[in-house]
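The values are calculated or read from the model by the stated rules, or taken from the named source; none is laboratory data. Everything numeric in this text was worked out from a predicted model, so none of it was measured. Every residue, glycine as well, gets a Cβ built from its backbone with ideal geometry; the counts of neighbours run over all protein chains shown. These area figures cover heavy atoms from the full protein model, side chains too; ligands, DNA and RNA do not enter into them. Shrake-Rupley method; radii C 1.70, N 1.55, O 1.52, S 1.80 Å.
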Amino acid sequence: GGPAAGRGGLGRGLGRGASKPTGNSGNKHPGRGGGFGGRGGNGGGASGGMSSGARGRDKNAWVELIRALERRELLPMVTFAFSRRRIDAMVDSLTGLDLTTTAEKHDIHVFCERCLSRLSPGDRKLPQVLRVRELLRRGLGVHHAGLLPIVKEIVEMLFCRGVIKALFSTETFAMGVNAPARSVCFQDLKKHDGVDFRGLTPGEYTQMAGRAGRRGLDNVGTVIIAAWENFPTESQTRSLLTGRATKLTSQFRLTYGMILNLMRVEDLRVEDMLARSFAEFHAQRGMSDERAALALDAAALRKVRKLIEEESLADPIGWAAAEKHDEATFLARAAAKQVRAAVLNSKGAQSAMTVGRVLLVANGGERSETDSENGDKYVADGVDKYGALLRVCDAEQRDGSRFKDASESESGISYGAHAEGGEGGEAGSGSPSKTYVVLFACPEGHPERDDEMTSEEGRFKRGDASGAIRADAETKTVLSLKPRGATGSDDVFRLSASSNSKKNYSADDSGRHSLPRGLPWRLVSGGASYVVAAVDADDVLAITGARVDVDANALLGETFTFTPGSGSDKTREPPSASFAAAASRALAELERVCGKDASSPPAPLHPTKDLKLVDIASVEACLEHTRLVSLVPLFPQTAAREKRLAWRALLAARRRLVNRVGDREHSLSDANLQQMPDFEARVQVLQQMGYLDADRTVTLKGRVACEIATGDELVGAETIFAGVLTDVSPAAAAAVLSALVFQEKNASAPELESAPDLRDACARTFDLAVNAGTTQKSKGLCIDPPEYASGALKFGLCEVVHEWAKGAAFADVCSLTDVQEGSIVRTITRLDEMTRDVRNAARIMGDSALFEKMELASAAIKRDIVFSASLYVAGAK
């Protein structure tokens, strides 16, 4: 249909009301919603199965609808239904309806005789031919895939002549055939798409409704929704008429034949074809931005590498040691991340976490930042250090709530991340449940105040704390943390003005059971620098078997103050002599156990003897982690702190940039194509089954598979090479090959008891298909071998084809199955193409016997009505 058809499809789709039908139609709502006859009976599902009462009501409704359209001169009409059985049931129920005049009956009779004269006398009397001729004589027609090709062409030509007044058709009639009508009727607005029932899309509705209105003859077309069994709601109809067009989705799928044919062409890469497919279109749209980002990262990486080259030339020994330390540290951290959950939640670790336990901590307790690219934590000068555990607190109690002191634990502390899945859970799952107060030695000295602020000052400068901190030009506002009262209530921030700029830190200012405030404490006593820091569970890299003697109460039980200077002249004094003495003793113990004079660094706890792990995978991972930790060398202390800071920054920047450039290059490469994993898996299948060699060169077997274009390439080639076709007669060979081209799922099972050779050949072919499916499944493809074999081979017409190839009449072979005549003809036509493919394969193989057998099979099936010439080609008028 043209413009008139467009107006008919949308302009009068539901707005044209129907006059009240005459007679007793049995409808509760005659004329409702523009559907003549309104809602009919309750039966008449898509399968066509109806009770006698429902069938009668349905018949009366269609008769009244057609008669009403005839009175209004709105015929011819096309009724679209979405089931062959439903169409046949609808038209067969209209036994008493006659819409043609005597002259039209004569024209129909003469045309049918002329078209059918090319058939044999037996084929002219086929039940389908006689049935359709009777319908045509009364001005009725059917059109679906179950019709014989010549019968379907007769219906199309007579409808275009205007002598068919009411045509019942599937949606295929709306595709490609220029046969407009005055009216279009929808029997239902739902269809089965092979998986489930769904509503029509706006595009499908428009395509079918567009048949209403003949170009140059009708000003407007009429569309009727006669879905009285399942009448649509207003919202459904509105969406159908005005909804958006269906989004185009790629149906591109890799096949083995496609891969083999592309592999045979030297100048054509499969990757190039995949990149240019519509399936990759949306993924490739953002590639220009990705290329720009890659160029920036590559430029930054080149600059970093140039700086690294300069540093390595200036101090080759120190830089080499720094690189070695960085690489070993990276491997140790990666291993620690894998075993952290198992270690932290083990009973052995919980009981081992007591005061004085030596821990290996990432970045030496310095505040770390998270890399947005990979989630790793880093600081510019973050060297992993061993430290002595002073206290264990709940993570949420870092704000001042209660905790358990490690020295008071008898049976152990729940350490690290909560793991609901047991001790083998993934590291980092869930929030860490503990925070650890750890003492570290700082032989490199403390950072300058301009380089790094304390955590509390940094947080307030960023405005993260509650309350307002204001600086006055003459006085400095200082934070004092004091308990509100002796009742243990929550701490509050109090602001006080002071001219001496002294900062008071209370190690335990909310009572005995709170985390010390102001961490980290950067202190110097006796010329030794050290830090007391709060460490998250995610920063703990190892729990070692070493312990040192530490007086935690002396270090954490006093309130102290220090006066920071200005610029580089800063002093950090311990609060008392007892504090300094306890710190000096602890640092000496740490130096003895972990210092450069120690025979070896302390080893992590043993996974079975100490941690009591039983999972084999966790034990092996912990042993590997222990090995990697032992390989981490000391960071070179010969260079100045500023130089070490620059080295660490360069090494961290290089690592992040290398990872980022690698990721972006991968996203721009062929390996990132959506179809690439499937392609690689299928190539492995072809190599294992002998279609490709190790160099991905197509073998003889692969060349044979390239010739199989009609059915499944693998099953067809395996059948040929297994000799299934050479061991049977030409008729049986044709029957076996028909299983590759027959497509209907619900055909009746064939009776092959009288043909044991054919039965055995079918069984062998099915086993070969199952083996091919097993190979594909072993290479990672989501395939169920029996289901794959059942999908590639459908034996429903083996008996029919076998008898047809032996010379049986078409009427006789049709009685052997419930498959409709049109499907039988279509299968045998495709079978002729399959025999041609096998014949070409036999020529490549040099198998003259198979070649001759396929010629005989093709000659046996090419006869009578199955291969009658098309009326369009023969010029029927």
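Data for the structure
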{"item": "Proximal charge balance of Ser870 [Cβ under 13 Å; K/R count +1, D/E count -1]", "result": "0"}
{"item": "Accessible surface of Leu816 - all protein chains present, 1.4 Å probe, nearest 10 Å²", "result": "70 Å²"}
{"item": "Estimated distance in nm for a label pair at Glu271 and Thr829, the labels positioned 7 Å out from Cα along Cα-to-Cβ", "result": "4.3 nm"}
{"item": "Accessible-area value, Ile616, 1.4 Å probe, nucleic acids and ligands omitted, Å²", "result": "120 Å²"}
{"item": "The range 814-859: relative contact order in percent, alpha carbon pairs under 8 Å with at least 6 residues between", "result": "32 percent"}
{"item": "Cβ-Cβ FRET estimate between Thr255 and Glu642, R0 fixed at 60 Å, reported to 0.05", "result": "0.45"}
{"item": "Residue-wise HN-Hα coupling along the range 822-837, computed from phi with Karplus coefficients 6.51, -1.76, 1.60 (Hz; x: Gly, Pro)", "result": "x, 5, 5, 5, 5, 5, 5, 5, 5, 5, 4, 5, 5, 4, 5, 5"}
{"item": "Among Leu301, Leu268, Ala279 the positive-end extreme of the charge dipole of the range 196-340 (Cβ point charges)", "result": "Ala279"}
{"item": "Under 5 Å, built H, 5+ apart or other chain: amide partners of Phe742", "result": "Lys794"}
{"item": "Estimated FRET transfer efficiency when R0 is 56 angstrom, pair Asp289-Ser578 (beta carbons, to 0.05)", "result": "0.35"}
{"item": "HN-Hα J in Hz across the range 195-208 - Karplus 6.51, -1.76, 1.60, θ = phi - 60°, x for Gly and Pro", "result": "10, 7, 7, 8, x, 5, 7, x, x, 5, 4, 5, 4, 7"}
{"item": "Distant-in-sequence amide H partners of Glu229 (H built 1.01 Å from N, under 5 Å)", "result": "Gly40"}
{"item": "For the range 89-153: accessible area per residue (Å², 1.4 Å)", "result": "41 Å²"}
{"item": "Heavy-atom accessible surface of the range 766-877: percent carbon and sulfur, 1.4 Å", "result": "51 percent"}
{"item": "Spacing of the two label points (7 Å from each Cα toward its C-beta) at Asp784 and Leu248, in nm", "result": "3.5 nm"}
{"item": "Stretch gain in nm, segment Ala528-Arg198, where the contour uses 0.36 nm per residue and the Cα spacing is subtracted", "result": "111.0 nm"}
{"item": "The range 604-735: translational diffusion in µm²/s, Stokes-Einstein, Kirkwood Rh over Cα pairs, 37 °C, 0.692 mPa s", "result": "150 µm²/s"}
{"item": "R0 of 56 Å, Cβ-Cβ distance Glu751-Gln207: FRET efficiency to nearest 0.05", "result": "0.85"}
{"item": "For the range 650-658, 3J(HN,Hα) per residue [Karplus equation, 6.51 cos²θ - 1.76 cosθ + 1.60, θ = phi - 60°, Hz, x = Gly/Pro]", "result": "5, 5, 5, 5, 5, 4, 5, 5, 4"}
{"item": "Per residue accessible area of the range 156-252, 1.4 Å probe, in Å²", "result": "49 Å²"}
{"item": "Geometric extent, Cα atoms of the range 267-368 - Rg, Dmax (angstrom)", "result": "23.4, 70"}
{"item": "Pairs beyond 25 Å (Cα-Cα), from Lys105/Lys190; Lys191/Lys779; Lys303/Lys337; Lys806/Lys853", "result": "Lys105/Lys190; Lys191/Lys779; Lys303/Lys337"}
{"item": "Globularity ratio of the range 135-237, using Cα Rg and 2.2 N^0.38 Å", "result": "1.12"}
{"item": "18 Å tail of the calculated P(r), the range 720-876, as % of Cα pairs", "result": "60 percent"}
{"item": "Virtual spin-label span in nm between Leu307 and Arg238, 7 Å along Cα→Cβ", "result": "6.2 nm"}
{"item": "Ranked by how many other beta carbons lie within 10 Å on average, peptides 96-105, 792-801, 656-665 from highest", "result": "792-801, 656-665, 96-105"}
{"item": "Computed lengthening from Arg264 to Lys862, 0.36 nm per intervening residue step minus Cα-Cα distance", "result": "212.0 nm"}
{"item": "Hull volume in cubic angstrom per residue (convex hull over the Cα atoms of the range 736-806)", "result": "81 Å³"}
